[in-house]
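Below: one structure, written as structure tokens.
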Amino acid sequence: MANFMSICTMRNLLVLSLALNLSLIMRVFYEGEKHGPRGFSAQKADRALEKAAHATQRTLVSLSSSGQDDGEKLINLDHGDPTMYESYWQQMGEKTTVVIPGWQSMSYFSDVKNPCWFLEPEFAKQVVRLHNLVGNAVTEGRQIVVGTGSSQLFLAALYALAPKDASEPISVISAAPFYSSYPSMTDYLKSGLYKWAGDARSFDKEGPYIELVTSPNNPDGFVRHSMVNRTGGILVHDLAYYWPQYTPISSAADHDLTLFTVSKATGHAGTRIGWALVKDPEVAKKMIKFIELSTIGVSRDSQLRAARILEVIINSSQNPGGPESGESFFKISYHFMAERWQLLREAVNKGRFFSLPDFQQGFCQFLNQLSHGSNVKTKAWKIAKAYSEVIRF
């Protein structure tokens with residue numbers, strides 16, 4: 001056994017693990033071709049990718065715990081973590097520092113005059129300023145509802161939009177490939193109000209439904225529109241990636257209910273702050289009630305930190321290069337994401353196992369230039385990145 005471990009290094013085991021998991025993915029696609037459309041779906045491929053990623057992650061964790069890492073960096077295929085902007089924020093130094101005295105933010109209430117009584121006025125102010133600057137969403141005539149990330153707001157939206165007196169749960173759908181957590185988040189509490197009903201493209205059930213429209217889409221990065229378009233349908237637009245570093249800003253989104261999150265806009269996932277722009281005041285009130293019942297509001301400290309971060313981004317765009325504002329966050333992050341995509345394409349082109357979509361260029365109103373159709377992270381990025389590391393061994 002000792003002789004085997006001396007020969008089989010971390011590098012060898014990583015290659016072996018990836019090869020085994022890639023064979024699982026190839027088998028799924030082979031079965032799809034063999035049995036035709038009825039025996040294969042995008043969701044099966046998605047589950048295969050997830051299974052392969054989790055299996056490889058378990059292998060890496062096992063090797064790490066046994067001390068067989070040979071000092072090499074482990075590749076985490078399990079989830080994304082937007083730390084790629086960390087270097088930018090380090091360069092900004094103390095500009096985003098927020099000092100909160102011990103006596104501040106002690107009350108549950110931020111603004112008793114606002115229907116969303118736990119919404120910090122300064123955070124709401126910076127949200128409006130940011131959308132007006134970027135031009136990616138209409139804020140006039142909208143209630144801002146803050147949440148602990150857009151995940152809580154997603155559930156609050158389902159609660160608010162689902163009819164309370166229906167004979168059965170309302171169907172929740174999204175066009176495949178969709179965000180992998182949508183089904184589990186929808187059905188986790190086994191609510192009698194709503195239930196996951198799968199791919200919007202194949203949805204043919206009569207009656208009301210809630211369709212989730214993610215644009216640019218996670219995981220494939222394409223611009224999305226509603227698919228079903230039937231009477232009784234309710235739309236929730238998840239625009240987490242509708243920022244200029246990911247996709248061209250063509251117009252201000254004007255929807256009934258739109259979700260955004262700090263984690264994708266600025267990279268501050270750990271702050272756990274998201275917001276919704278809601279046109280119907282009654283829907284907003286129900287969302288606020290859901291958040292009140294689940295978490296009795298949203299961290300005021302996190303909102304103050306997020307407000308300062310958004311303010312710094314705004315200042316860096318309005319006065320780029322200034323001594324008090326620094327370089328434009330959106331321009332730097334756009335080029336940074338473009339460079340990552342270039343490296344990814346170069347890695348994928350060296351092999352035969354993966355391919356990447358070609359996105360059309362579009363004119364970005366904010367950057368005032370032609371930009372690539374999507375810099376959004378894709379699930380292929382995780383495995384292709386690992387593959388690129390392997391082929392360099």
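Kindly indicate whether Val145 is assigned to a strand (DSSP E or B), closer than 29 Å to Phe123 by Cα and in contact with a helix residue (DSSP H, G or I) (Cβ under 9 Å, 6 or more places away or on another chain). So Val145 fits the description; yes.
Among the residues of this structure, Ile309 does not count as one that is of a type in the set (Val, Ile, Thr), crowded, with 22+ Cβ neighbours inside 10 Å, modelled with pLDDT of 95 or more and not in a helix (DSSP H, G or I).
Assessment of the range 120-143 against the conditions (of a type outside the set (S, T, N, Q) and in contact with a Gly (Cβ under 8 Å, 6 or more places away or on another chain)) yields no matching residue.
Could we say that Asp165 is open to solvent by 30 Å² or more (accessible area, probe 1.4 Å) and modelled with pLDDT under 95 here? Yes, satisfied.
Pick from the range 332-367 the residues that are closer than 13 Å to Pro248 by Cα and assigned to a loop (DSSP other than H, G, I, E, B): which of them is most open to solvent (accessible area, probe 1.4 Å)? Here the residue is Gln360.
Sort out which residues of the range 245-303 are open to solvent by less than 10 Å² (accessible area, probe 1.4 Å), in a loop (DSSP other than H, G, I, E, B) and among the polar types (S, T, N, Q), and write them in order of number. Correct list: Gln245, Thr247, Thr266. Among the residues of the range 189-224, those that are in a strand (DSSP E or B) and open to solvent by less than 30 Å² (accessible area, probe 1.4 Å) comprise Tyr194, Gly198, Tyr209, Ile210, Glu211, Leu212, Val213, Thr214. Applying a threshold of 6 Å to beta carbon distances and a minimum spacing of six or more residues, or different chains, the list of pairs starting in the range 114-136 at a residue that is within 19 Å of Arg272 (Cβ to Cβ) and ending at one that is basic (Lys, Arg) reads Glu120/Arg300.
The values are calculated or read from the model by the stated rules, or taken from the named source; none is laboratory data. Here the structure is a predicted model, which means the values were calculated and not measured. When we count neighbours, we look across all protein chains shown, and the Cβ atoms used for this are built from the backbone with ideal geometry, even at glycine. What goes into the accessible areas is simple: the full protein's heavy atoms, side chains included, and nothing from ligands, DNA or RNA. Shrake-Rupley method; radii C 1.70, N 1.55, O 1.52, S 1.80 Å.
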